[in-house]
Structure formats: structure tokens, C-alpha cells
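Okay, structure first, notes after.
The values are calculated or read from the model by the stated rules, or taken from the named source; none is laboratory data. None of the values given here were measured: they were computed from a predicted structure. Here Cβ is always computed from backbone atoms with ideal geometry, including for glycine, and neighbour counts include all displayed protein chains. With ligands, DNA and RNA removed, areas are computed over all heavy atoms of the protein, side chains included. Shrake-Rupley method; radii C 1.70, N 1.55, O 1.52, S 1.80 Å.
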There are 2 protein chains.
Amino acid sequence: MSTTAPTRSRKAQIDRTATALFRARGFAATSMRELATELGLEAGSLYSHIKSKEEILHRVCFGLAEEFFAGFAAATLDSAAPIATQLRLAIEAHVRVLTRDSAASAVFLQEWRHLSEPARTEFLALRDRYEAAFRGLIQQGIAAGELHAPDAAFAALTLLASLNWLPAWYRPDGKLSPDEIAHRLAEQLLNGMRSYE
Amino acid sequence: MSTTAPTRSRKAQIDRTATALFRARGFAATSMRELATELGLEAGSLYSHIKSKEEILHRVCFGLAEEFFAGFAAATLDSAAPIATQLRLAIEAHVRVLTRDSAASAVFLQEWRHLSEPARTEFLALRDRYEAAFRGLIQQGIAAGELHAPDAAFAALTLLASLNWLPAWYRPDGKLSPDEIAHRLAEQLLNGMRSYE
DNA sequence: CCTACCGATCGGTAGG
DNA sequence: CCTACCGATCGGTAGG
């Protein structure tokens, strides 16, 4: 009660350090001993804070999923706004999540396959729902004549692909700020779907 | 000399099976015993055909790199052709490699980080050169007034990102043929960079 | 291509 | 949070 830091922050610290390692080496190639060393303690000690290696991965993956959904929901709150505006806001929200924690994002995008069942299937269902949300927005935009694309599903897939490549090249100390990146990406991707009629 | 299949095809068979496993589980989480079982032999026997697990990964990654470069070179052979045409051909060539062997492509895109030095650095240099080739083409197109983009580097990055997402969703038995996919992707991505002046 | 095996390392636990 | 340890599994080798 007097000398040690609270457990909560230790757990968060473990998650954060593990996320960075999972990103750099991959989940399977990261050992708990490596993680412990990085945190300045012994491997066995980790287990007073967490239950298993996979529990960390689970928290990172599902935590990020929540952030993505929250961002999308906020971007489309005003359902009376032009679809192009909603889509722009959704793109910017997505990029904001990606840049706010690019290590966790990279783990979310690349390491989810190491989740065991049933978490893996649940995760994929969430990802599908998120893709479907973007697809739905694009479909609405096409129906309203605001957007143009030969195939909404195709457009949604390439749009998310372009965005999700970001953690691979984004550097927090780069010359473009997160907001500038979000703006440019939205500009370029919406430009490709602009309706000229 | 009379009863067994030639070693060359056995080695190719090992590469192919390993590639599928690396893709499904990741390089680090794939064991040589698993690979051996899949091939109907014992783990130790693999080593009469290969030197190490990483040797397989090395072959897959650098083999794919060669294919990508060959495709790009063929697409830009006629340097007098309009840049938009060369870019379209380069996109289609890239997609053709991705769809021809999507397992190897997924390994090329995701598992290269498990290469040890100096192969890892060499690989990244090749990837950079390839990106630079696309960037250069887009820059030429902008300079010639054929293409429009606020930032060539940005455009090259998002273009390759859209293409490289393909192995994640491409199914050989899907309703779109590789050629149709290549055509649509080229259409959509070039549309986003069309010059309207 | 197999049998038999090597040393190293893994995730995780018991007991304090 | 540490010490001491568990059984399992890893990539790879020797010798045939």
C-alpha cells in the first residue's frame, strides 16, 4: 500500500511492451522471457499480472476493434450529412486510430491469426462487420449519385487496403502529421470515387 | 537410378508445401515436423534436400522479388508508350504474379521479417527499389500531364497497398478471374490519378 | 530417407 | 515479484 506502483499500470505496461515486440518479431517469435527482460523482471513474474501470452494478443486485437467501431460510429452519427462527408470522416477516424497506436494497429492487422478458437472466428466476424459498414456507406453513396465505383465491395476492399498499409510506413516523427496524412488519404481515395455527372 | 523420383521435384515439393504452411500459420509457428508430416516423411529427412528452414523462406522471398521485377520490366519495355499505358501494364503484371501464386505472395509480403541478416536488409533494399520504380513511373506521368496526384510517393504507396491486399482476399475459385481482377484494379486505381485538364 | 538423438528454448506453474 | 523447475517441443545432426 506504500511502496509499489499499482498493478493496473503494470499490466498496461506489459501490454504496451508486448505489443511493440509482437509487432517487431511477430507473436510466435516473441518469447515471454524476452518480454520479461524488456520489463526488467523474470519470466515467471509476468504471470502474476496476466494469464497467458495469448491473453495479451486477445486484448490488443479486440481493443483495437472497439476503437475502430467507435470511430466509425462517430463519423456517421449525422446520417443526414452527405455520404461523401460521412465517408471522409470515417476515413479520417480510421487513420486516427492507426496513427495513435501504430504498433497495436500492426498487431491487429497482422497477428490476429495467432488467436486460437473461438476468438479467431469472433475476430474475423468483427472485421467482416467493419468492412461491411464501409461497403454499405459506399453503396449508399453510389445509390445517391454522390459516388462512382463499378463495384462497391471492390472499392471498400481497396480503400481499407490503402489505409491499412499505413502502419507499415508511418513514422510518428515523419514530416506529415497524422491529421495531414488522414486528410491526404481521404482526398486521394475520395477522388477516385468522385461522381462527375 | 531406377525407383525414386528426382530430387529436384522433391525440393520443389518441399518449397510448395512449406509456403502453404508459412502462409497459414506464419513462419515462426510452422514446425519442420509439421512440414515433414504433410509430406509423408520424417523431420530429419527434410535435411537431405534443404539446408535449413530459413533457406526455404529465403528462396520464396527472393524468387517472388525476381518475378515482380521481371513483370515490371516487361510492362515498361516500350518506353515510348504513354505512361498511363505502362502503369496499367505494370499493375496488371503485378496482379498476375500475386494471383499466380497467392501463397508465395502472402509469404513474400508478410514473412520476410523472419529472414536473418544480411538477407533481411537485402530484401528490404529490393522492395524499396521496386517501390521506387512505381514512384518513378507516376512522377513521369505527372510531369507529362498524363496523371494527376498531389504526391507521387504517396500515390505509389497507396497503389501498391491496394494491390498487395489481394492475397488476403483472393480466391482462385472466386467469381472474378485473375485477368478481370487485374483489369478492375488498374481501372480503379488509374481513375484516381486521371488528369482532367 | 529413417532412427535415434542433441542442446536449447518454449509457455507456464508451485511455493514462497 | 523471485527461484526453481516442469514437460513439451523446437531446428538440426550423426550414422547408417
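Brief remarks on what is shown
- All-pairs Cα distance distribution in the stretch A:28-122, expressed in whole percent, bin size 5 Å: 2, 12, 17, 16, 16, 13, 9, 6, 4, 3, 1, 0
- Helix axis angle, B:178-191 relative to chain B longest principal axis, alpha carbon, degrees: 40
- Fluctuation leader among B:Ala80, B:Ala155, B:Ala90 - chain B, Gaussian network, Cα springs under 10 angstrom: B:Ala80
- For A:Arg194, distant residues with modelled amide H under 5 Å away: A:His148
- The alpha carbon convex hull volume per residue for the stretch B:68-107 rounds to 51 Å³.
- Inter-chain shielding of B:180-192 (mean C-beta neighbours from other protein chains, 10 Å cut-off): 3
- Global geometry of the protein assembly as shown, whether rounded, prolate or oblate, following the gyration tensor of its Cα atoms and the 1.5 cut on a/c: oblate
- Surface accessible to a 1.4 Å probe, per residue, for the residues of chain A, Å²: 50
- Pairs of Cα atoms farther than 19 Å apart, the stretch B:88-162, %: 45
- Each residue of the stretch A:63-80 was assigned a 3J(HN,Hα) from its phi angle through the Karplus curve 6.51 cos²θ - 1.76 cosθ + 1.60 (θ = phi - 60°); the sequence is x, 5, 4, 4, 4, 5, 5, 4, x, 5, 4, 5, 5, 10, 4, 8, 6, 8 Hz, with glycine and proline shown as x.
- Whole-Hz Karplus values for the stretch B:88-95 come out as 4, 5, 5, 4, 5, 5, 4, 5 Hz, taken residue by residue from phi with 6.51 cos²θ - 1.76 cosθ + 1.60 and θ = phi - 60°; glycine and proline positions read x.
- Each residue of the stretch A:102-108 is assigned a 3J(HN,Hα), and the resulting list reads 6, 5, 4, 5, 5, 5, 3 Hz, derived from the Karplus form 6.51 cos²θ - 1.76 cosθ + 1.60 (θ = phi - 60°), x at Gly and Pro.
- Stretch in chain A that is longest and holds no trypsin sites (Lys or Arg not before Pro) that DSSP places in a loop and that have at most 16 other beta carbons within 10 Å: A:52-174
- Total formal charge among the other residues, if their Cβ is under 14 angstrom from that of A:Ser52, Lys/Arg +1 and Asp/Glu -1: +1
- Calculated mean residue ellipticity at 222 nm for the protein assembly as shown: -22000 deg cm²/dmol, from DSSP H runs with n ≥ 4 weighted as -39500 (n - 2.57), summed, divided by the residue count and rounded to 500.
- Largest GNM mean-square fluctuation across A:Ala93, A:Ala125, A:Ala153, computed for chain A with C-alpha springs under 10 Å, falls on A:Ala125.
- Compactness of chain A, expressed as Rg and Dmax over alpha-carbon positions, Å: 19.4, 70
- Within 10 Å of each Cβ in A:165-171, the average number of Cβ atoms from other chains: 3
- Interface area, B with A, accessible, probe 1.4 Å, both sides summed, Å² nearest 100: 2800
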